[in-house]
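Chemist: Before I ask anything, here is the structure I am working with.
The values are calculated or read from the model by the stated rules, or taken from the named source; none is laboratory data. This one's a predicted model, so the numbers in the text were calculated from it and none came from an experiment. Glycine also receives a Cβ, built like all others from the backbone with ideal geometry; neighbour counts cover every protein chain displayed.
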Amino acid sequence: MVNKNKAWFVVSFLLIAGLAIAANRLSKINTHIEFPIWAVILGIIVRNLRLPEKLHSAATTEFYIKVGLVLLGASVNFAVVMSVGARGIVQALVGVPLVFFFAWFVAGKFGLESKAKAVLSTAVSICGVSAAIAAGGAVVAKKEHLTYVIALVILFALPLMVLVPLLANAMGLPQPVAGAWIGNNIDTTAAVVGAGQIVGDAALKVASVVKMAQNTLIGFAAFLLALYFTFRTGERRPKPVEIWQRFPKFVLGFVIVSILASIGVLTSGEVKALNSLRSWFFAFAFVCIGLSFSFKEMKAIGKRPLAVFAIVTVFNTATALGLSWLLFNDYQIGS
């Protein structure tokens, strides 16, 4: 059984790699459509062919994108990490509570259950799937709450990955502003990287650091939600150690690699090799975004959660743009 599972994993990985290569070729044939979009499109097509579920066993989007982001640290000077990260933290501290409480209010008006409100509000205000899972665990949410919120995150992240870069270019936004808008507004980290890559290298760096700054709030949000529901229902008592347990450790990896590259521990050849490897991990992540999108699962989403998520996404898009302009309009990103 173990050998069979390993065989399926290998076949699944080869499928993902093949789709990534095909997306790269298609992006060179048709330069009007960027590589991340081709990768997602091919992933969606394959996901909805009703192939054996085991063929998706290697489709671990979170793993690929986190490894890719750690490797991205090699090409981002630590001084840039500190300056962008400081602004990103300010943006997160203002934007996340604003969007969370707006989502909580709207979800209440639409009659969603309190635990569903918690999961949805955390997902749309912080970073999508990871935040939804953390919030779901913190409040002991029902499985269906987590399922439809994750489906909503994917449903909205895909068009935003394309639309936000188009709008940023149409408005003539400087790359740091566009990157901050992408990092603050799009819910999944993989889609953030895809959108940033479409806009440009500077936008990618800012978007990634801003999203990671936002991700650092996951642990605090999960702990506070658990505390709130403890006072309401007494179901479980959260411990402060949960903040560290929920903290996204890949952020530390990104910072460490950035420091090593910045102080010269990594040679230019090693940095180049890491950048090449990073591109592959990002490519696998883009394909996996598409592989996670099932039309059948999307049909199961109720109208009320869909309406709430749509309203809050519009609000998030507008507030994120305003904050990004205020914080990054005068910012010049270095190497």
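Chemist: Are any of the residues in segment 227-235 in contact (Cβ under 8 Å) with a residue 24 or more places away in the chain, acidic (Asp, Glu) and out of contact with any Gly (no Cβ under 9 Å at 6 or more places or on another chain)?
Modeler: yes
Chemist: Here's another thing I want to ask about it. Just to be sure, is Ala170 of a type outside the set (Ser, Thr, Tyr), over 21 Å from Thr60 (Cβ atoms) and modelled with pLDDT under 95?
Modeler: It is false that Ala170 is of a type outside the set (Ser, Thr, Tyr), over 21 Å from Thr60 (Cβ atoms) and modelled with pLDDT under 95.
Chemist: Filter segment 299-335 down to the residues that are at pLDDT below 95 and among the polar types (S, T, N, Q), then identify the one that is farthest from Pro176 (Cα to Cα).
Modeler: Selected residue: Ser335.
Chemist: Would you check which residues across segment 251-270 are buried (at least 16 other Cβ atoms within 10 Å of the Cβ), within 18 Å of Ser208 (Cα to Cα) and hydrophobic (A, V, I, L, M, F, W, C) and list them?
Modeler: Residues satisfying the conditions are Val251, Phe254, Val255, Val257, Ala261.
Chemist: Could I ask something else about it? Which numbered condition trips up Val193, out of (1) in contact with a Phe, Trp or Tyr (Cβ under 7 Å, 6 or more places away or on another chain); (2) of a type in the set (A, V, I, L, M, F, W, C); (3) surrounded by fewer than 24 Cβ atoms within 10 Å (Cβ to Cβ)?
Modeler: Checking Val193 against (1) in contact with a Phe, Trp or Tyr (Cβ under 7 Å, 6 or more places away or on another chain); (2) of a type in the set (A, V, I, L, M, F, W, C); (3) surrounded by fewer than 24 Cβ atoms within 10 Å (Cβ to Cβ), the one that fails is (3).
Chemist: Mind telling me which of the residues Val119, Val99, Val124 ends up being crowded, with 21+ Cβ neighbours inside 10 Å, part of a helix (DSSP H, G or I) and touching a Gly at 6+ places or on another chain (Cβ under 6 Å)?
Modeler: The match here is Val119.
Chemist: Could you please find all residues in segment 20-54 being modelled with pLDDT under 90 and crowded, with 19+ Cβ neighbours inside 10 Å?
Modeler: none
Chemist: It is to be established whether one or more residues within segment 298-320 are of a type in the set (Lys, Arg), without any contact (Cβ under 8 Å) to a residue 40 or more places away in the chain and within 20 Å of Arg47 (Cα to Cα).
Modeler: yes
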